[in-house]
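Novice: Dumping the structure here so I can ask a few things about it.
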Protein chains: 2
Amino acid sequence: MIASRDVGAAVVAAYRVRVAGGEDPQSRALDIAREQTLEVPSGAAPPDVEERLLGRVLGVHREDADGEVFRAEIAYGHELFDGSLTQLLNVVWGNVSLMDRVRLVGLDLSDAVLDGLPGPRFGVPGIRDMVGGVQRRPLVSSALKPVGLGVDALIDIAVRLTRAGVDVIKDDHGLADQATAPFRERVRRVSDAVRETNHRAGTRAAYFPHVTGPVDRLAERVTIAREAGCRGVVLCPALVGLDTVRVLVEGDCGVAIMAHPSHAGTSPNAEGGIAPDLLMGTLWRLAGADAVIYVNARGRFSWPLSACKAVNRRAREPLGSHLPAFPVPAGGIQAADVAHWFETYGNDTLLLIGGSLLEASDVEAAARAVVDAARRAGDEGSA
Amino acid sequence: MIASRDVGAAVVAAYRVRVAGGEDPQSRALDIAREQTLEVPSGAAPPDVEERLLGRVLGVHREDADGEVFRAEIAYGHELFDGSLTQLLNVVWGNVSLMDRVRLVGLDLSDAVLDGLPGPRFGVPGIRDMVGGVQRRPLVSSALKPVGLGVDALIDIAVRLTRAGVDVIKDDHGLADQATAPFRERVRRVSDAVRETNHRAGTRAAYFPHVTGPVDRLAERVTIAREAGCRGVVLCPALVGLDTVRVLVEGDCGVAIMAHPSHAGTSPNAEGGIAPDLLMGTLWRLAGADAVIYVNARGRFSWPLSACKAVNRRAREPLGSHLPAFPVPAGGIQAADVAHWFETYGNDTLLLIGGSLLEASDVEAAARAVVDAARRAGDEGSA
């Protein structure tokens, strides 16, 4: 896409637009450019404001054979922004999010915008360090669930997963602060159990508790997690607001952020919304997510492989001076398929496999088989 | 829909599901119920947990002649929740938000859930009090825009709108903290100008500045607004996260919240997402919005009249002990049409008309005509 620096813009945004009923794609692009900036009819703004502030349609190109789907690239000037993430989102995906048949599919952000966002504090290298410095293989994550289990039962699963050599053990995002496993007790006791098991078994599992909850108690939850020895947490950006992720990260919260897509409302197959790769791989990463969970192909959701690969690519690609984030495919991965996924997605992948292990008669053995597959996939086995 | 109390649930949620390729609607409903609760395959949870925690499909009913669209009502038990708004959203619209062809269309919330959320602190009666106790007519709002204008130019518009008798003068949501009209200076000077004009002209306009911005500076912005004499603010729940609205309101921030739909990503015509009436009229209201802006029919967006009326109905309907919120139709309302909209939507409407006034040769006269139409629509003219 067109680079923002080449057109002197703060941001160039690419939208995929489907036209219907004889709409003119060029005029739809102009409508978006106006809606996202001046939001007044042509002629209602002073000419100098119209000249400087109106979004500029750089090009509209057909994307399909039928002439129904177009890609429009729009440049937004520096004066529209104020350095905040909320205003960045407001300009690139504000009122246009209420229009039908428009999706945000690409962003080229100027250095000024990129430098103003924290990006991952840990990222791929930091999470690798956390789990023993494993460099040359994909990582394996699994989940403590289901909601409704008490802390003892969650500990039982955590101990088995730790012994099996799982790298990151995370709370299910359904575990909040319910009476069955209250947050504070759960985090302390599970963290203790994982640490003790690591000590005994010589493993390096990291436990990431789920901290999503009232935003005015989020800092407290992160502190509880950190003080319990956790080096990462699971957080749902769409439930707390993406800017809340930024605040945690810029506040040096001291734990890695594994972002979970609950409530994110994105799908590769929808005509609207922000494309999943851009939302999770770029925007969540820029806000500070060190790992981004998405729903894998062949799982419980109907995401095609190309969409999964696109998230991986965005999470890992060069992006200003920001670290890469771990892409985390999840959502119904089968234990029998993991070698395939490791081969397909490569080393810088943190595979999350939950339910398929929990339904095994021997959870520990099932998890160990996944870890072994990860070792075989990398070149660590021969090191 | 089925009442949560009648089935002993915390929440009953209604989803509209479109089936494709021979899918069985009942099994799609069961998939949603499992995804939103246990999120493990059948048999992987202990039987007592499966019995108590799994979402319960209460019914699946066909909604169209072709047998493609179904409504599924699912009951969620009290044990899934922890009293937080984030967990409420996580359960009713969490991972299911990543599925295709599913939309959240209804909620029946138990008293326990309703009582745990703040709802509007001002609502319809409080906003009426703010603007002079006007009881028997619709209210009129207009916007200061476009972005790029300096504070002097914004004041010029604000003074004209105040003199015209506009009830609520709001910042455009594109006004953030840009150098052209920095937040603090803008809020203080516009508020002063509106107050002085009210004093001279005998009007009662309220100025609601736009406070969306970094969430760690939101309380500061609200304080600046309140100290400048503002009795309300404009805030975009989707940009800051809905729970951040709740925090402001429960913290007795002292100003009314006019919620703006930027970034909300909802449309009446989409198959996915949360239906606009439920999102804006119920969920935003429960989080504490006193007025909810939506995009009107016949405007710049393709929302049908039925969707607009549905937002109105939700915002005003009985909902536990919560006050009604003002529905605020907006987004391209034409000055020539306002009498029609007042008649169509009734007295408890806060009509927002912006660009159509700003393109008039005499903004003040154009705005006064809208206010006059509002007076004629109510029975205040004859009082």
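What follows draws every value from the coordinates through simple rules; no lab data is involved. All values derive from a computational prediction rather than experimental measurement. With ideal geometry, Cβ positions are generated from the backbone for all residues, glycine too; neighbour counts draw on all protein chains shown.
Novice: What order do you get for B:ILE2, A:ILE157 when you list them from fewest to most C-beta neighbours inside 10 Å?
Specialist: B:ILE2, A:ILE157
Novice: I need the fraction of alpha carbon pairs in the protein assembly as shown separated by more than 49 Å, rounded to a whole percent.
Specialist: I get 15 percent for the Cα pairs in the protein assembly as shown exceeding 49 Å.
Novice: Right, something else. What number, rounded to the nearest 500 deg cm²/dmol, is the helix-based mean residue ellipticity at 222 nm of chain A, given -39500 (n - 2.57) per DSSP H run of at least four residues and division by all its residues?
Specialist: Taken over chain A, the calculation gives -10000 deg cm²/dmol.
Novice: As a footprinting exposure proxy, order B:LEU161, B:LEU242 by other Cβ within 10 Å, with the fewest listed first.
Specialist: B:LEU242, B:LEU161
Novice: Using a simple charge model, +1 on the beta-carbon of Lys and Arg, -1 on the beta-carbon of Asp and Glu, nothing else, what dipole does the protein assembly as shown show about its Cα centre, in debye to the nearest 20?
Specialist: Computed about the Cα centre, the dipole is about 560 debye.
Novice: For the range B:1-135, rounded, prolate or oblate, judged on the Cα gyration tensor with a ≥ b ≥ c (square roots of eigenvalues), a/c < 1.5 rounded, else prolate if a/b > b/c?
Specialist: oblate
Novice: Which of B:ASP243, A:ASP252 comes first, and how do the rest follow, when ranked by fewest Cβ neighbours within 10 Å?
Specialist: Taking fewest neighbouring Cβ atoms as first place, the list is A:ASP252, B:ASP243.
Novice: Every other copy gets compared here: list the nm distances from the B:PRO47 label point (7 Å along Cα to Cβ) to its counterparts, shortest first, one decimal.
Specialist: In nanometres, ordered from closest: 8.2.
Novice: Would chain A count as rounded, prolate or oblate if I go by the C-alpha gyration tensor, calling it rounded below 1.5 in a/c and otherwise prolate when a/b exceeds b/c, oblate otherwise?
Specialist: Prolate, because a/c is 1.5 or more and a/b exceeds b/c.
Novice: Farthest toward the dipole's positive end in the range B:119-231, which of B:HIS210, B:ALA193, B:GLY133, given Cβ charges of +1 (Lys, Arg) and -1 (Asp, Glu) about the Cα centre?
Specialist: Farthest towards the positive pole: B:GLY133.
Novice: If you don't mind, another one. Spin-label point model (7 Å from Cα, Cβ direction): what's the A:GLU68 to B:ARG52 distance in nm?
Specialist: Between A:GLU68 and B:ARG52, the simple spin-label model gives 5.0 nm.
Novice: Next question. Shortest first, in nm, what separates the label point of B:LEU305 from those of the same position in the other copies (7 Å along Cα→Cβ)?
Specialist: Output for B:LEU305: 5.1 nm, nearest copy listed first.
Novice: Along the charge dipole of chain B, Cβ charges K/R +1 and D/E -1, which of B:VAL19, B:LEU242, B:MET1 sits furthest on the positive end?
Specialist: B:LEU242
Novice: Going 7 Å from Cα along the Cα-Cβ axis for the label, what nanometre distances separate B:GLY254 from the same residue across the other copies?
Specialist: Taking the point 7 Å beyond Cα along Cα→Cβ, the inter-copy spacings are 3.5 nm.
Novice: Where both partners of a DSSP beta bridge lie in chain B, what percent of those bridges are antiparallel, to the nearest 5?
Specialist: Counting DSSP beta bridges with both partners in chain B, the antiparallel share is about 50 percent.
Novice: Right, another one. Taking the Cα centre of the range A:41-88 as origin, sum charge times position over the Cβ atoms of Lys and Arg (+1) and Asp and Glu (-1), and report the length of that vector in debye to the nearest 20.
Specialist: Charge dipole, the range A:41-88, about its Cα centre: 80 debye, nearest 20.
Novice: Count the net charge of all other residues whose Cβ sits under 13 Å from the Cβ of B:ALA72, scoring Lys and Arg as +1 and Asp and Glu as -1.
Specialist: Every neighbour counted, the sum reads +3.
Novice: In the neighborhood of A:ALA20, defined by Cβ-to-Cβ distances under 12 Å, what is the net charge if each Lys or Arg adds +1 and each Asp or Glu adds -1?
Specialist: In short, -3.
Novice: Next question. Can you return the lysines within cross-link range of A:LYS145? Criterion is Cα-Cα under 19 Å, with same-chain partners fewer than 8 residues away left out.
Specialist: A:LYS170
Novice: Could you tell me which of rounded, prolate or oblate describes the range B:121-256, using a ≥ b ≥ c as the square roots of the eigenvalues of the alpha-carbon gyration tensor, with rounded for a/c under 1.5 and, failing that, prolate when a/b is larger than b/c and oblate otherwise?
Specialist: The shape class here is oblate.
Novice: Please report, to two decimal places, log10 I(q)/I(0) for the range B:282-321 at q = 0.15, 0.25, 0.28, 0.34 Å⁻¹ as given by the Debye formula with identical point scatterers on the Cα atoms and no solvent.
Specialist: The Cα Debye sum returns log10 ratios of -0.38, -0.85, -0.97, -1.17.
Novice: Return the average number of partner chain Cβ atoms within 10 angstrom of each residue Cβ along peptide B:79-85.
Specialist: 6
Novice: I would also like to ask the following. Taking H placed 1.01 Å from N in the peptide plane, check which residues at least 5 places from A:GLY77 or on another chain put their amide H under 5 Å from its amide H.
Specialist: It is A:ALA10, by chain and number.
Novice: With Cβ to Cβ distances under 12 Å as the rule, what net charge do the other residues near B:VAL40 carry (K, R +1; D, E -1)?
Specialist: -2
Novice: Using the Cα centre as the reference, give the magnitude of the dipole from point charges on the C-beta atoms of chain A (Lys, Arg: +1; Asp, Glu: -1; all else neutral), rounded to the nearest 20 debye.
Specialist: Dipole about the Cα centre, nearest 20: 1300 debye.
Novice: Could you give the length gained on full extension between B:GLU196 and B:ARG217, defined as 0.36 nm per residue of separation minus the Cα-Cα distance, in nm?
Specialist: The B:GLU196-B:ARG217 span can extend by a further 4.7 nm.
Novice: Shifting gears a bit: How far is helix A:305-316 tilted off the main Cα axis of chain A, in degrees rounded to 10, range 0 to 90?
Specialist: 90
Novice: So what is the relative contact order for chain B, in percent, with contacts set as C-alpha pairs under 8 Å and at least six apart?
Specialist: It rounds to 17 percent for chain B.
Novice: Additional query: Which listed residue (B:ALA45, B:ASN90, B:GLY106) has the Cα farthest towards the positive end of the charge dipole for the range B:4-115, taking +1 on Lys and Arg C-beta and -1 on Asp and Glu C-beta about the Cα centre?
Specialist: Final value for the positive-end residue is B:GLY106.
Novice: Given the rotation relating A and B, tell me which residue in A puts its Cβ closest to the axis and the distance in Å.
Specialist: So the chain A residue sitting closest to the axis is A:GLY241, 1.
Novice: With r defined as the distance between the Cβ atoms of A:GLN26 and B:GLU185 and R0 fixed at 30 Å, what FRET efficiency is calculated, to the nearest 0.05?
Specialist: 0.20
Novice: At a Förster radius of 45 Å, what calculated FRET efficiency corresponds to the Cβ-Cβ distance of A:SER42 and B:ASP100, to the nearest 0.05?
Specialist: Efficiency, from the Cβ-Cβ distance: 0.75.
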